[in-house]
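Engineer: Got a structure for you, written out below as structure tokens; questions coming shortly.
A short reminder: the numbers here are calculations on the coordinates, not readings from a lab. Quantities reported herein were computed from a predicted structural model and do not represent experimental measurements. Here the Cβ positions follow ideal geometry from the backbone for every residue, glycine too, while neighbour counts run over all protein chains shown.
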Amino acid sequence: MPRKTKETNEIIKQAKSSNTADVAKKESPKTTAKNTKSVAKKSTAKKDTTSKSKPATKKTSTTKSVAKKTSATSKTVATKKTTTKKTTSKTTATKTASKKSTTTKKKADTKSTTKKVLTKKSTAKKQKVDIVEYYDLPYRYNQTVVKVLAQTPNNLFIYWDISDADRENYKKQYGENFFETTKPVLIIHNTTLNYSFEIDINDFANSWYLHVNDSKCDYKIELGRRPIAENPKINTNYIYISTSNEIESPNDHVLFNKEQKMVYFRNTKTGVQVEKPISANLSFIRNMGKIYDNYDIKEFYKVLYKNEDIEEFYDLSNPSSGNPSSGSLSSKFK
Amino acid sequence: MQEKKGYVSFVLHAHLPFIHHPESDDYLEESWLYEAISETYIPLLTNFQKLVDEGVNFRITMSMTPPLLSMLDNKLLQKKYINYLNQLIELSEKEIKRTAGDERLNQLAHYYFDRYSNDLHLFKDVYKCNLIEAFKHFQDIGVLEIITCGATHGYFPILYVNEKTVKAQIAVGVQTYERYFGRKPRGIWLPECGYVPEADKYLKEFGIDYIITETHGILYADPTPLYGTFAPIVSPEGVIAFGRDIESSRQVWSSINGYPGDFNYREFYRDIGYDADYDYIKPYIAHNGVRVHTGIKYYRITGKTEFKDYYNIQWAKDSAEKQAGHFLDCRTAQIGNLVQYTENPPIVLCPYDAELYGHWWYEGPYWLYILFKKIYYDDCNFELITPSEYIDKYPNMQVCSPCRSSWGANGYSEVWLNPTNDYVHRHLHVAGDRMCELAHLYPNAEGLKKEALNQCARELLLAQSSDWLFIITNGTMVDYAKKRIKDHIGRFTKLYYQIKDDEIDEEFLEDIGEKDCVFADIDYMIYY
């Protein structure tokens, strides 16, 4: 069976059973009072356990509470609930057993605990039990991955991880102390200008901001390790781990290619494209008597944008996202 | 009368993140919608109507994002908006009594009472709670062009490491538009103007003609566009890009001398939610007793001082009229200068957040109304136009690849990718990959599995909303934004495992389906 978060599963069942209990309530007002109490108790118990936060404790107490619920509600809820309960206990048991032996992938994702407790709206009239959810983001996904994003034309953001399975493989191949006798590095490949450079990172980080000199270039990042201490099993000075996606860093300046003499114009209705010499399209250059080969597009832009500093024209902070409570815009006008 | 030599195109980007909490009345964030309806959307609609009634021929473009459309169409939120107005009407009635001894304040209390009463009348009796239809009307009569946006305002330059997730943002954006407006959109507002050339093929696939980019999206294009932002360019894949005009933007946005900073304009931060006696105002602030904006504000900006003078409606109108004249003169001069350098008549594109008009800049809708009247009646050298009309008139344009860019601070991705929010991206990427995995594992599913897969797609899209990242960077309402990311990734992940284990919890699915009830027609196969 594919992996699933142990607690998630338990909690889902728990919610299911309690919701079922709520159905029972509707049928029998007497039971309602009882169930409400037990739900309330359970919520508190669960919260306490959660805050203490040891996985093992959590598991036990969840199982207990499921069991309690089963007994508390089984009288009033007929077949459906009983079935659910049985499944729950079984699944829980299986999970408990399997957890120990499964790969670390499971462990990692288990951290993405989702806890679901039940609360009941206090109004006597309202029968519906709301599912109150609480989620945490997984600490990691246990995949070997390197990803790069461009934050600015000269800053890249890189994040990475090595799966536990791959870690084990490296240890098998290079010895138990593989990670202690090597250091992590990132090799930055600029595939446009065809150069690479390397930076040291450390095993406490899982992401990095990196300055690059060249905007408007393609980059990909390689994660690897280099030996830093004696290790008889390593007879190379570099061990490759993984490579990132490739990205292009944004452009950050007005481009001017003096070699370029022609531009293309397309009729967007017909799709017909024509080639035109640049000079023919810059009437002002003709008017000013400039020689085509010496023209500078920046000079032209200075004519077009005579009131603006085109070197810094994007330096306007926009209040993006239209979030009325962000306060970003009004504060500008103070 | 001067000859018309060029064009000005106003584009207002109307967006709010999807905020819908049927489970509780305690989410303050829901009021963003109500504030925007009262201060921006209804004022825009009423001013459009006034212009039409007065025979003014005008053009304006608005992007209405799918989350905003979904909220405007939501019955519960419509009901809550009516409650919100009733509360404000009740409060302004009390204010009329409370301020009886001060004539100037009392006039303003009356003003708010009339204004909110009128909003209630318009919303219920005139628009029949359907603001989408109200905006659609102006599109149908040809004065407004509505364009779409990414499904949940997901920021393409971060999502595109998995291109299918960008494709889905575009596909659902187009689908939602068609559902509400009965036709395909010609343009799209790229969320945060975040442009990546990798999106072009999907924009074309879904029939998008044009996009709006930040100024340097055009000026740093490759090769350099000969006419700067004053003519659109077309990408090699066939997507037409219009760039924001810097001069007109500065006049409105500038923190030093931008129009909204006029001393006669209403001061946003002095609200009776904060100023009034606590026991008096308590029924009208947050349920937990935290003071919040109520919408009743009595002061004008006055100056760089803490001692604020009362707001004077006539003075504020005078300022708006003066500034509309200034804007008109500036554009006339700008176009007069530009026309000698461009092959086609130049276009000056003025994109703004719609919520700037009315919510932040209270007098903004009135300014727009006066400006449009002036453009129509006064002697100026330009006309208003929509991007679509410009493309149809002047289809010849230079072929260039726009520059990767956004309209966030400093022009690239820093707002949505920085040390405060960078932890989010790996979760968005993994969830995107997992969604594609699910689509490939269970193509063309039926029944409960299909519902679960569609809900997974909704959760993923909601997690991708750029608003959460923006709010975290901005430092306000951070807990809420973080919670939303956790909730959607959490719900997605839980469903992902349930689907793979063939153990879909129907009650859970139903519960989150009620909360996250966007995109009724979504088909997860867009991730296939």
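Engineer: Take the conditions under 22 Å from the mean Cα position of the chain (by Cα) and closer than 18 Å to B:GLN139 by Cα and apply them to B:MET71. Does it pass?
Structural biologist: So B:MET71 fails the test.
Engineer: A follow-up question, please. If I go through the range B:388-421 residue by residue, how many of them are surrounded by 20 or more Cβ atoms within 10 Å (Cβ to Cβ) and in a helix (DSSP H, G or I)?
Structural biologist: So the count comes out to 3.
Engineer: Next question. Does at least one position in the range B:221-244 carry a residue that is charged (D, E, K, R), crowded, with 24+ Cβ neighbours inside 10 Å and more than 8 Å from chain A (Cβ to nearest Cβ)?
Structural biologist: Looking through the range B:221-244, at least one residue is charged (D, E, K, R), crowded, with 24+ Cβ neighbours inside 10 Å and more than 8 Å from chain A (Cβ to nearest Cβ).
Engineer: Considering the range B:344-355 alone, what residues qualify as being closer than 13 Å to B:PHE10 by Cα and either free of Cβ contacts under 8 Å to residues at least 12 places away in the same chain or part of a helix (DSSP H, G or I) (or both)?
Structural biologist: The answer is B:ALA354, and nothing else.
Engineer: So which residues in the range B:10-40 are among the small types (Gly, Ala, Ser) and more than 9 Å from every other protein chain (Cβ to nearest Cβ), if there are any at all?
Structural biologist: B:SER38
Engineer: Sticking with this structure for a sec: With respect to B:LYS201, is the statement that it is closer than 26 Å to B:VAL430 by Cα and away from chain A (no Cβ under 14 Å) true?
Structural biologist: Criteria met by B:LYS201.
Engineer: Which numbered condition trips up B:SER388, out of (1) within 21 Å of the chain's Cα centre (by Cα); (2) touching a residue at least 60 places away in the same chain (Cβ under 8 Å); (3) facing chain A (nearest Cβ under 10 Å)?
Structural biologist: So B:SER388 meets the others, but not (3).
Engineer: Checking B:ILE375 against (1) within 12 Å of chain A (Cβ to nearest Cβ); (2) in a helix (DSSP H, G or I), which test does it fail?
Structural biologist: The one condition B:ILE375 does not meet is (1).
Engineer: Any residue at all in the range B:141-153 that is out of contact with any Cys (no Cβ under 7 Å at 6 or more places or on another chain), within 30 Å of B:ASP271 (Cα to Cα) and among the acidic types (Asp, Glu)?
Structural biologist: The answer is no; no qualifying residue exists.
Engineer: Within the range B:176-233, can you find the residues that are assigned to a loop (DSSP other than H, G, I, E, B) and over 19 Å from A:ARG266 (Cα atoms)?
Structural biologist: Within the range B:176-233, B:GLY182, B:ARG183, B:LYS184, B:PRO185, B:LEU190, B:GLY194, B:VAL196, B:PHE206, B:GLU214, B:TYR220 qualify.
Engineer: Does B:GLU163 satisfy the criteria of being charged (D, E, K, R) and more than 30 Å from B:TYR527 (Cβ to Cβ)?
Structural biologist: no
Engineer: Is at least one residue of the range B:440-461 surrounded by fewer than 16 Cβ atoms within 10 Å (Cβ to Cβ) and out of contact with any helix residue (DSSP H, G or I) (no Cβ under 9 Å at 6 or more places or on another chain)?
Structural biologist: Among the residues of the range B:440-461, at least one is surrounded by fewer than 16 Cβ atoms within 10 Å (Cβ to Cβ) and out of contact with any helix residue (DSSP H, G or I) (no Cβ under 9 Å at 6 or more places or on another chain), which makes the answer yes.
Engineer: Continuing with this model, one more query. What are the residues in the range B:245-283 that are facing another protein chain (nearest Cβ under 8 Å) and touching a His at 6+ places or on another chain (Cβ under 9 Å), if any?
Structural biologist: Matches in the range B:245-283: B:PHE268, B:TYR269.
Engineer: Determine, yes or no, whether B:TYR524 is more than 9 Å from chain A (Cβ to nearest Cβ) and touching an Asp or Glu at 6+ places or on another chain (Cβ under 7 Å).
Structural biologist: Considered against the rule, which asks whether it is more than 9 Å from chain A (Cβ to nearest Cβ) and touching an Asp or Glu at 6+ places or on another chain (Cβ under 7 Å), B:TYR524 comes out as no.
Residue by residue, here is whether (1) buried (at least 24 other Cβ atoms within 10 Å of the Cβ); (2) on the phi > 0 side of the Ramachandran plot; (3) touching a residue at least 24 places away in the same chain (Cβ under 8 Å); (4) among the polar types (S, T, N, Q) holds:
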{"residue": "B:ILE147", "(1), (2), (3), (4)": "yes, no, yes, no"}
{"residue": "B:GLY150", "(1), (2), (3), (4)": "yes, no, yes, no"}
{"residue": "B:TYR155", "(1), (2), (3), (4)": "yes, no, yes, no"}
{"residue": "B:ASN162", "(1), (2), (3), (4)": "no, no, yes, yes"}
{"residue": "B:PHE181", "(1), (2), (3), (4)": "no, no, yes, no"}
{"residue": "B:TRP189", "(1), (2), (3), (4)": "yes, no, yes, no"}
{"residue": "B:TYR202", "(1), (2), (3), (4)": "no, no, yes, no"}
{"residue": "B:THR213", "(1), (2), (3), (4)": "yes, no, yes, yes"}
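Engineer: Between B:ASP516, B:ASP511, B:ASP502, which is at the interface with chain A (Cβ under 9 Å from one of its Cβ atoms) and among the charged types (D, E, K, R)?
Structural biologist: Exactly one of B:ASP516, B:ASP511, B:ASP502 is at the interface with chain A (Cβ under 9 Å from one of its Cβ atoms) and among the charged types (D, E, K, R), namely B:ASP511.
Engineer: With respect to B:VAL292, is the statement that it is farther than 18 Å from B:PRO260 by Cα, within 13 Å of chain A (Cβ to nearest Cβ), of a type in the set (A, V, I, L, M) and part of a strand (DSSP E or B) true?
Structural biologist: No.
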